[in-house]
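Data block below; observations after.
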Amino acid sequence: MRIGIDVGGTFTDAVAIDSDTYELVGQVKVLTTHDAPEGVARGIVESLGKLLKETGLAPEQVRFIAHGTTQATNALLEGDVVPVGIVATGTGFDGLRARQETRLGHLQLAPGKWLRTVHTFTPPHDLARGLQAVLEQGAQVIVAAEAFSVDDPTRELEIMALAGARGVPATGSHEISKLYGLRIRTRTAVVNASILPRMMDTADMTETSVRHSKIGAPLMIMRGDGGVMTLGEVRRRPILTMLSGPAAGVAGALMYEKVSHGIFLEVGGTSTDISAVKNGRVMVEYAEVGGHKTYVTSLDVRTVGLAGGSMVRVGGGRVADVGPRSAHIAGLPYAAFTPPEDLAGDLTLERFAPRPGDPDDYIAVRTARGRRVALTTTCAANVLGYVSEGAYARGNAEAARLAFTPLARALNSSVESAARQVLEAAAAKVAGVVSALLQQYEMERRDTVLVGGGGGAAAVVPFLAERMAMAYRLARNHQVISPIGVALALVRDVVERTIPYPSEADVLRVRREAEQAAIRAGAAPGTVQVQVEVDSARQVVRGVATGAVELRTKDLLRRDLPVSDLEAIAARSMGNSSAELKAQADRWYVYTGRAVTRLPLGLRRTRCLTRVLDAEGVIRLSQGKAEVAASTVGRALADLEALVRRTTVYGDAGEQLPATYLFSGGRMTDLSGLQSLEQILAVARVELNGCPADEPVAIVCAWRR
């Protein structure tokens, strides 16, 4: 069995997944223990014990166990951090840079919440004095910083060793990122160091408790980019767990739903996390803390204070807003989950403030027995029939209608109209964020599906899809999609290096570093795959390594489709044109087609389109006009060179290379960011190195517009 635990703001959910079928076999829910002496660790242990008891699982059956937590994010939002001492060092011009660029002052994490730093610069021969200076100023953790420590971390390691000898936690800037930008690298290390004590305590308590349950599998922790890592890595780099809650939901949805282009909305009781999936991959960005850029990659997630439990607000004779306060915060039951008999008799509409200092325009219904119940988005969706049978948000429509009756009277409308006003106000808060993501990532609305996860998904997503004229679906087991994502996650690590013109040796070095980082994070060596990307605009070579904690005999949740179904999916995505299979390489299928658009005056516009699908029907690449070659490893470099030359455009601004991609085995290699044919061939040679000469390879070179 695989166990996934997700620590949410209100509840901690745990699931058990069968390791062979990947089906859900057990789920439990307990209150998150924010105020317990052990913190959220107690809730993790309680949920684990309850899950083992209810499913009858023996500890030795557990092959994998992981949890996702909002603790790092919450610690930063709440200012629950310790003062950080920055010890910078260096000589000559590099020393001058270190002195200037590592002086950060105090960082604002959230309104009224600050991270205090103290700073000193010390020459390499006197590091102990520098350490003593920041400790005397109140530093409780240390960050070691030097200009080019990513190339030679010796001095940063020496500072860390001196701190360790005094029992003080320390972080080296080289541990967090391999990129050169010293100011951002130092800032990232400072944020990481500030939460080290709290995260280390929680990690220790959780690990001890799990061991007491006699589970032998190593405990893994969710990262903000959708992978997992060991507790040892968490103790070094807790900042990587930021936004791991939203990442878990997307990870589960991608594995269960096989989304090509989608907007994933994880709808809880109080807030909704919204993120984009394009070409089967979740969009990842550098995270910001309090508006400060860091070098931590995490899910590009937008959070909206609207969800299934959001309460209705009334003003000026209309529904003025929905949320951000939820029925959970107010301690009120949902009307839709209240027995209809409890709502019999006279019902009174009341205005109130859920918390001290809140506006008093929130409304609730007072029953004849004096009980107060909340009107929520979930109640409105049940009134209008948007919550399907079997959805987690499915309540009693009759009870919801009864509770909405006094609101309808106050609005001088029908019950249905009042409920629709509520859902309109709710959808308006989410639609703008969805539209912004579609625009930012250049995703066509007609090709994008809204995917709902979380217990409140059915209360928000169906109506939103109708309002935005988009397709939608609720993820399977949507109410526990986050712990499912945790249970099915792979070990992941990312290595980034600043290399302006990477050679073949540079690419190989980054590949090796990424592979070793994934193994260090808990991946079994035989399972690791590395994707190398070259970001020419930022002069960065990036190695993304993923692997499993155990050797797999089959791909996770892989369900291959018949070729006829793949052709239909490709044709549909190209406007129902005829799709022609141009190349196949293992589980990759490359289709081309022509889309015809009718224009005024009887004119027509024809566009050439290209789609690459994996065997499960997920569109992994969408391009316009492209040249495609079906090749093999033995011929690939020669075919690639010929295809690139044929699709390169020459003009006044010089040559413009095509967007180039290789598909072979289980790998998609993105070469579109490279700046020269030599770089393209060098990276391709690395990717194909060691593969059998007769292994099929598909090459796609898309013309630049």
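Values quoted throughout were computed directly from the atomic coordinates according to the rules given, and no laboratory measurement underlies them. Worth saying up front: this structure is predicted, and the values here are computed from it rather than measured. Every residue, glycine as well, gets a Cβ built from its backbone with ideal geometry; the counts of neighbours run over all protein chains shown.
For the reader, a short list of remarks on this structure follows.
- For Ala638 and Met200, the FRET efficiency from 1/(1 + (r/R0)^6), where r spans their Cβ atoms and R0 equals 56 Å, is about 0.55.
- Average Cα contact separation per residue, region 31-131, under 8 Å, 6 or more apart, as relative contact order %: 22 percent
- Packing-based ranking, highest mean first, of 224-237, 90-103, 167-180, 670-683 given that Cβ atoms within 10 Å are counted: 224-237, 167-180, 670-683, 90-103
- Full extension of the chain segment joining Arg467 with Phe93 gains 128.7 nm, where the gain is 0.36 nm per residue of separation less the Cα-Cα distance.
- Measuring r between the beta carbons of Arg476 and Val563 and using R0 = 22 Å, the FRET efficiency lands at 0.30.
- Between Thr208 and Thr498, the distance separating the two model label sites (each 7 Å from Cα on the Cα→Cβ line) works out to 4.2 nm.
- Normalising by residue count, region 490-547 has a Cα convex hull of 62 Å³ per residue.
- Here the residues Val451, Val82, Val590, ranked from fewest to most Cβ neighbours within 10 Å of their Cβ, fall in the order Val82, Val590, Val451.
- Taking every DSSP bridge with both residues inside the chain, close to 75 percent are antiparallel.
- For region 368-382, backbone phi angles converted through the Karplus equation (6.51, -1.76, 1.60; θ = phi - 60°) give residue-by-residue couplings of 4, 8, x, 7, 10, 10, 8, 9, 10, 4, 4, 4, 4, 5, 5 Hz, Gly and Pro being listed as x.
- Histogram of C-alpha separations across the chain, 20 Å bin width, %: 16, 45, 33, 6, 0
- Sorted from greatest to least, the principal axis extents spanned by the alpha carbons of region 81-194 come out as 38, 29, 21 Å.
- FRET efficiency for the pair Arg129 and Arg520, taken as 1/(1 + (r/R0)^6) with r the Cβ-Cβ distance and R0 = 35 Å, rounds to 0.60.
- Here the convex hull built on the C-alpha positions of region 288-413 has a volume of 140 cubic angstrom per residue.
- Inter-label distance for Glu580 and Arg372, nm, one decimal - labels placed 7 Å from Cα along Cα-to-Cβ: 6.9 nm
- Counting Cα-Cα pairs of region 83-148 in 10 Å increments starting at 0 gives whole-percent bin shares of 24, 49, 23, 4, 0.
- Fewest-first ranking of Glu285, Glu78, using other Cβ atoms within 10 Å as the exposure measure: Glu78, Glu285
- Whole-number percent relative contact order across region 95-204, with pairs defined as alpha carbons under 8 Å at least 6 apart: 24 percent
- Sorting the segments 128-139, 507-518 by their mean number of nearby beta carbons within 10 angstrom, highest to lowest, gives 507-518, 128-139.
- Exposure proxy order (Cβ contacts within 10 Å, fewest to most) of His106, His261: His106, His261
- In plain terms, the chain from Asp361 to Thr606 could stretch by 82.7 nm, reckoned as 0.36 nm per residue minus the Cα-Cα distance.
- Phi angles across region 161-172 convert, under the Karplus curve 6.51 cos²θ - 1.76 cosθ + 1.60 with θ = phi - 60°, into 3J(HN,Hα) values of 5, 5, 5, x, 5, 9, x, 10, x, 9, 10, x Hz, Gly and Pro given as x.
- Note that region 1-112 shows a convex hull volume over its alpha carbon atoms of 178 Å³ per residue.
- Label-to-label distance, nm, for residues given as Arg512 and Glu444 (7 Å Cα→Cβ offset): 4.5 nm
- Potential extension, Gln675-Leu599 segment - 0.36 nm per residue separation minus Cα distance: 23.6 nm
- Packing-based ranking, highest mean first, of 250-257, 366-373, 455-462, 42-49 given that Cβ atoms within 10 Å are counted: 455-462, 250-257, 42-49, 366-373
- Mean separation of Cα contacts under 8 Å (6+ apart) over length of the chain, as relative contact order %: 10 percent
- Entries of Lys178/Lys293; Lys178/Lys258; Lys582/Lys625; Lys53/Lys214; Lys113/Lys293 with Cα pairs more than 24 Å apart: Lys178/Lys258
- Taking Lys and Arg as +1 and Asp and Glu as -1, the other residues whose beta-carbon sits under 11 Å from that of Ser413 total +2.
- Amide H contacts of Lys582: Val590, Tyr591, Thr592, each under 5 Å away and 5 or more positions distant or on a separate chain (H built 1.01 Å from N in the peptide plane; Pro and chain starts excluded).
- Kirkwood estimate for region 563-702, i.e. one over the average of 1/r between Cα atoms, Å: 15.7 Å
- Placing a label point 7 Å from the Cα of Glu655 along the Cα-to-Cβ line, the residues of region 668-705 whose backbone N sits under 18 Å from it are 671-685, 700-705.
- Phi-based couplings in Hz for region 322-337 (Karplus 6.51, -1.76, 1.60; Gly and Pro marked x): 10, x, x, 6, 10, 4, 4, 5, 7, x, 10, x, 6, 4, 5, 10
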